[in-house]
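See structure below.
The values are calculated or read from the model by the stated rules, or taken from the named source; none is laboratory data. Just so it is clear, the structure is predicted and the values come from calculations on it, not from any experiment. Here Cβ is always computed from backbone atoms with ideal geometry, including for glycine, and neighbour counts include all displayed protein chains. Protein only, heavy atoms only, side chains kept; ligands, DNA and RNA dropped before computing areas. Shrake-Rupley method; radii C 1.70, N 1.55, O 1.52, S 1.80 Å.
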Amino acid sequence: MAANNRRMSGKKGAQIGSGGKRRRGLEGKGPTPPAEMRKGHAKNRVANARAKQQARRPKARPGQRSTSELVVGRNPVYEALRDGVPASTLYVQQFIDNDERVRDALSLAAERGGIHLMEAPRPELDRMTNGLNHQGLVLQVPPYEYAHAEDLTAAAYDAGQDPLVVVLDGVTDPRNLGAVVRSVSAFGGHGVVVPERRAAGMTAGAWKSSAGAAARTPVARATNLTRTLEAYKKEGVIVVGLAADGEADVTDLPALGGPVAIVIGSEGKGLSRLVGETCDIRVRIPMPGGTESLNAGVAAGIVLYEAARRRA
């Protein structure tokens, strides 16, 4: 009996079967995953952080982002900061003469917040500005995020309103673009459309002319203006072109009270041929004083006032 007890005590572990668990535990689990996929690994945390950043970042669409811009010189930089032009970085020359304009610019940048202050040697600023007379101050304006033309009408319909959009054909002066944006904002319009090529874009000059309206009024870029107008017409939007020889008077146009896209050409050439042919109707602004044409900003203001009056 004692021998039997010694034999029994020599056994290790459970006396019943394991059901194959031990055998399965010895089986291979495949190749070791890369570090980026191993939970808890430093590279896994970096990969997860990058994935989250990509998910938060809006997907860029071709032709919808402008390039960054530099504003140079003490007065231009001060005025851009004062007028609310978006800015990402203010470069200040090392050992610069700290006059009133420099102090004011630095104060405005600090008050606005979100603007990085960078000190740089003069040769570096010369290189950045291609030798322009920067006077020790350079302001970097970030790329403008353009809307898409279809987004302007979609936003109006979503709000239960008839779209009121201004389309610029061949307007190359950024100040005119800024003035149009300001008028669209003042009279309840839903945005401005500009061609992608051979036309003014949302530069610092356009921002200044808009007097802050560019922050709340979207500007869209169109690769092909004629196709954009055709798409608007399919949505039920009436396309009205301004022309000195228009067949109707702007004050006698009931269509301005409904969904409408107002097309304004350049001061010298007016509407291009294809754009003019795409318009549903061309109208003129009566000018008893005999002036041949108005700039885009003034013309837009007159027509938008008439549209707002009919919608009131």
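Go through (1) surrounded by fewer than 22 Cβ atoms within 10 Å (Cβ to Cβ); (2) closer than 18 Å to ARG310 by Cβ and name the single condition ALA261 misses.
(1) is the only condition that ALA261 fails.
I need the full set of residues from region 254-268 which are in a loop (DSSP other than H, G, I, E, B) and either of a type in the set (D, E, K, R) or modelled with pLDDT under 90 (or both), in order please.
Once the filter is applied, which keeps residues that are in a loop (DSSP other than H, G, I, E, B) and either of a type in the set (D, E, K, R) or modelled with pLDDT under 90 (or both), region 254-268 yields GLU267, GLY268.
Could you please find all residues in region 168-208 being under 17 Å from the mean Cα position of the chain (by Cα) and polar (S, T, N, Q)?
SER185, THR203, listed by residue number.
Within region 101-119, track down each residue that is out of contact with any helix residue (DSSP H, G or I) (no Cβ under 8 Å at 6 or more places or on another chain) and among the hydrophobic types (A, V, I, L, M, F, W, C). Break it down into steps so the answer makes sense when it comes.
The first filter runs over region 101-119 and keeps only residues out of contact with any helix residue (DSSP H, G or I) (no Cβ under 8 Å at 6 or more places or on another chain), leaving 103, 106-107, 110-111, 113-114, 116, 118-119.
The answer is LEU106, ALA110, MET118.
Name the residues in region 291-312 that are open to solvent by 60 Å² or more (accessible area, probe 1.4 Å) and either farther than 17 Å from GLY268 by Cβ or among the small types (Gly, Ala, Ser) (or both), would you? Outline the logic, then answer.
As a first pass, look at region 291-312 and keep what is open to solvent by 60 Å² or more (accessible area, probe 1.4 Å): 291-292, 298, 302, 305, 309-312.
If the condition is that a residue be open to solvent by 60 Å² or more (accessible area, probe 1.4 Å) and either farther than 17 Å from GLY268 by Cβ or among the small types (Gly, Ala, Ser) (or both), then ILE302, TYR305, ARG309, ARG310, ARG311, ALA312 are the ones that fit.
Go through the residues of region 229-239 one by one and say whether even a single one is among the aromatic types (Phe, Trp, Tyr), at pLDDT 90 or above and open to solvent by 30 Å² or more (accessible area, probe 1.4 Å).
No.
If you go through region 75-88 one residue at a time, do you hit one that is under 29 Å from VAL194 (Cα atoms) and in a strand (DSSP E or B)?
No, region 75-88 contains no residue that is under 29 Å from VAL194 (Cα atoms) and in a strand (DSSP E or B).
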